[in-house]
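Written below as structure tokens is the structure these notes are about.
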Amino acid sequence: MLHPTLESLFFLKLARTDVVESVEISDIEEKTELINYIQNEASDYEIMHLLTLGEMPENKFDNDNEQMVWEIFKRVLVQEFHTFDEEIQESINDIIFEMGPVSGMGYSSAAPILELAKENGTLSNEFLNEKFGVTWTRDSAAHKKIQKLKGERNRKEYEPLIRTTKQAADYKAVRDRQKERGLEAKAKAKSISGTDIAKGAVAVAGVYGLYKAYKMWKAKKAAAKTPAAKQVAATKLAKISKDIKAKKNKK
């Protein structure tokens with residue numbers, strides 16, 4: 001797997017393309033304007049919200065809810081893990097354990113922002129490894145350190161609020177609303193398994209896995225030293241290409 005940020009951007013680009021293709025075959029009017037918005041302006045939070053929950057969020061940006069939507073999405077993948085072909089299960093595990101939102105790092109899969117990042121070099125492995133050279137698993141020391149720092153930052157931000165009774169009540173209301181959102185997310189995660197929305201999310205993850213498998217077999221074909229090995233790789237590539245088309249056409 002490449003750097004988690006690059007892989008997350010690649011997945012988000014596939015998700016954005018899936019949403020565009022869904023609009024193209026829908027009965028929605030003014031498709032051109034909507035497609036232009038999805039490709040060039042929509043936030044990754046909006047894309048993941050559409051993909052996972054089937055509706056646009058109230059706000060274009062919401063870091064807490066964006067993380068929550070990713071958690072719901074990953075829970076769906078865990079629930080549906082047995083439905084993925086064995087060959088792509090490792091890639092699905094990469095999504096579940098290594099990938100996530102990139103907006104907090106200043107990145108986006110929206111076409112103009114992504115192209116700018118490519119041009120100015122901030123997507124190079126050297127830059128990413130220097131700035132974000134971590135493995136984003138929940139058990140990793142880096143992840144725990146970041147969570148600790150976030151907790152310390154939040155305490156510094158909120159401690160001044162609890163100097164009066166009214167401020168304490170306001171602070172408690174904020175925390176209660178965050179807890180309520182968490183419960184809502186858990187309820188949604190349980191209810192969407194097996195639905196058309198969940199199937200759409202699983203389909204995009206499947207396409208991601210197939211693209212990764214295609215890349216692997218393409219490399220194997222290039223490195224093959226015998227005609228037989230080259231033919232095996234070519235056969236695999238043909239099958240994967242067919243599977244990708246089938247998944248993308250199955251809306």
Scan the stretch 235-251 residue by residue and report those that are loosely packed, with under 15 Cβ neighbours inside 10 Å and either of a type outside the set (D, E, K, R) or modelled with pLDDT under 85 (or both).
Thr235, Ala238, Ser241, Lys245, Ala246, Asn249, Lys250, Lys251
Give me the helices (runs of 4 or more DSSP H) completely within the stretch 31-91, filtered to those with at least 3 residues that are within 13 Å of the chain's Cα centre (by Cα) and without any contact (Cβ under 8 Å) to a residue 60 or more places away in the chain, ordered by residue number.
44-53, 63-79
Quick one: would you say Val23 is surrounded by fewer than 21 Cβ atoms within 10 Å (Cβ to Cβ) and over 25 Å from Trp217 (Cβ atoms)?
yes
Is there any pair with a first residue in the stretch 1-17 that is in contact (Cβ under 8 Å) with a residue 24 or more places away in the chain and a second that is of a type in the set (Phe, Trp, Tyr) and in a loop (DSSP other than H, G, I, E, B) whose Cβ atoms are under 8 Å apart and which are 6 or more apart or on different chains, and what are they?
Pro4/Trp136; Thr5/Tyr107; Leu9/Tyr107
Residues to consider are Ala185, Ala229; find the one that is farther than 16 Å from Ile88 by Cβ and modelled with pLDDT under 90.
Ala185
For Pro57, state whether it is farther than 21 Å from Tyr211 by Cα and either of a type outside the set (Val, Ile, Thr) or buried (at least 16 other Cβ atoms within 10 Å of the Cβ) (or both).
yes
Residue identified as within 27 Å of Lys215 (Cα to Cα), acidic (Asp, Glu) and in contact with a helix residue (DSSP H, G or I) (Cβ under 9 Å, 6 or more places away or on another chain) among Glu41, Glu86, Glu24, Glu98:
Glu98
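The values are calculated or read from the model by the stated rules, or taken from the named source; none is laboratory data. Because the structure is a prediction, the values reported are computed rather than measured. Backbone-built Cβ (ideal geometry, glycine too); neighbour counts: all protein chains shown.
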